[in-house]
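Any read-out appearing in this document is the output of simple, stated calculations on the displayed coordinates, not a laboratory observation. Computed from a predicted structure; not experimentally measured. Here Cβ is always computed from backbone atoms with ideal geometry, including for glycine, and neighbour counts include all displayed protein chains.
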């Protein structure tokens, strides 16, 4: 009799445990979906490449070089100035892969033979 009682008690607890369902509130689910969407839409920093064109010791000269690069390369590649103390460096592009950087280098070297491919952190947007 005692073993039957223990068996029924055990069976009842197991049955109750098996029937418990965890339900999250809809607001929690929506908040988690929004967080995942924000995360996938943001830029991430990855190890990529930029093409180094040149450096100048003051901002005005660097801006002149950047404008010259933009004129020569038209709108194919956009130049940007990055301050790396104590110099202003002019780079072209942000390439996540070596192959993309090599393809750009071939075009850029037509105008700037001293251009160098530099590995550095770049912003990269994930595609869904």
Candidate set: segment 103-118, residues that are touching a residue at least 60 places away in the same chain (Cβ under 8 Å) and in contact with a strand residue (DSSP E or B) (Cβ under 6 Å, 6 or more places away or on another chain); chosen: the one farthest from residue 37 (Cα to Cα): 115
Residues satisfying the stated conditions in segment 70-102, i.e. assigned to a helix (DSSP H, G or I), without any contact (Cβ under 8 Å) to a residue 40 or more places away in the chain, under 21 Å from the mean Cα position of the chain (by Cα) and surrounded by 11 or more Cβ atoms within 10 Å (Cβ to Cβ): 102
